[in-house]
Amino acid sequence: MARKRVTLEDVAREAGVSPMTVSRVINNTGRISQATRDRVREIIIELDYRPSRAARTLVTRKTYMIGLVLPDITNPYFAEIVQGVENVAWQRDYSVLLVNTDENTAREQAALSQIEETTVDGIVVCASRLPDDVLLPLIERHQHVVAVNRQVPHHLASVVRSRYAQGHRALRAAELLIEMGRQRIGYIRLARSAIAVEADEFVRAIEARGVPSSPEWCVTCAPNWRAGYEAGRALLSNHPELDALIGGNDLVALGAMRAAIELGRRIPDDLAVVGGDDILMASQVTPALTTFRSPKVEIGTTAAQLLFKRIDGDPNYYEHLYDETLVRRASTG
């Protein structure tokens, strides 16, 4: 026999108060003595009362759901950010509407167009692939927004991003490789990435350090393992003179490493490889991948916390800058 659902009226009857008082305790509104609040909460726990989300929405005008839009849920980097967001949402008794755009700008645009404030109380937009002229009008429709790894005007959203300038990873990786004696460095940059450096800037930076470079040593690919494998195989086949590769993220670098091994290149003896993000896989492969560590769960946690500040009525702009640390492993010797 199914257990009868405990109602708000049941709680009120047991606590000796009105249903309105119970509602105010649940929603933390109204002037109610601390003793009464404590008594009602005790009864709620004792009876295992679970407020109806629909009823709470009617009272508070909140959906108790936040949106999280990200490019690729199969990328472990974003999966850890999701973990951080969901941890905070759970603590606030919120659900997360997860939208995976699969690195497709049309899907991202459609998702941001379709998500309405009647569906979610706020959104976190993670590593958007849309240009500003498309993205900004879409997020302007929402009152509560946080952008991750993307700079937006202060009046539109709070921001969580790396404290380093665009291209920092690639240029810092190049410095390391040059210091280690590498002379012909290839670069596999990420398509539509806010952190990638343009090929001509990369070449100028390399040449400024007294090392030859060429735009032909720079290619662009999607930010996944397969694309990294294909780009790495093509680059190394066409330019066997390369003695180092920089991948725009770990998945791309790991794909390129696989291609290099199939082509007979020894890592790191005659080819050094650097990635980015420090996903778990980067430390588990052989040789382990030199990369940049970023606090992925913390990024998600902070983004959610800033979003709830807005939902709770704080209109101020907040910007959280996180550090990225170079982690040297066997792939660079």
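Only the coordinates and a few stated rules stand behind these numbers; no lab work does. Fair warning: this is a prediction, and the values are worked out from it, not measured in the lab. Positions of Cβ are generated from backbone atoms using ideal geometry, with glycine treated the same way; all protein chains shown enter the neighbour counts.
The chain has equivalent-ellipsoid semi-axes of 50, 20, 16 Å, by the square roots of 5 times the alpha carbon gyration tensor eigenvalues, sorted largest first.
Please check: in the Gaussian network model of the chain (C-alpha springs, under 10 Å), which one of Ala173, Ala12, Ala110 has the largest mean-square fluctuation. Fluctuation is largest for Ala12.
All other residues with a Cβ under 12 Å from the Cβ of Ile32 taken together, and with Lys, Arg as +1 and Asp, Glu as -1, what is their net charge? With Lys, Arg at +1 and Asp, Glu at -1, the net is +4. Shown is the FRET efficiency for Gln166 and Gln143, computed with R0 = 35 Å from the Cβ-Cβ distance and rounded to the nearest 0.05: 0.75.
Using the Cβ of Gly248 as centre and a radius below 15 Å, the other residues enclosed give a net charge of -3, where K and R count +1 and D and E count -1. Taking 17 Å as the straight-line reach from the Cα of Lys62, the lysines in range (excluding those fewer than 8 positions away in the same chain) are Lys309.
Only the Cβ atoms of Lys and Arg (+1) and of Asp and Glu (-1) were treated as charged; on that basis the dipole of the chain about its Cα centre amounts to roughly 960 debye. Ordering Thr105, Thr332 from the fewest to the most neighbouring beta carbons within 10 Å gives Thr105, Thr332. With the helix formula -39500 (n - 2.57) applied to DSSP H stretches of n ≥ 4, the chain reaches a computed 222 nm mean residue ellipticity of -13000 deg cm²/dmol. Membrane-span-like helices in the chain, defined purely by DSSP H runs whose alpha carbon atoms cover 15 Å or more axially and whose average Kyte-Doolittle hydropathy reaches 1.0, are 250-262.
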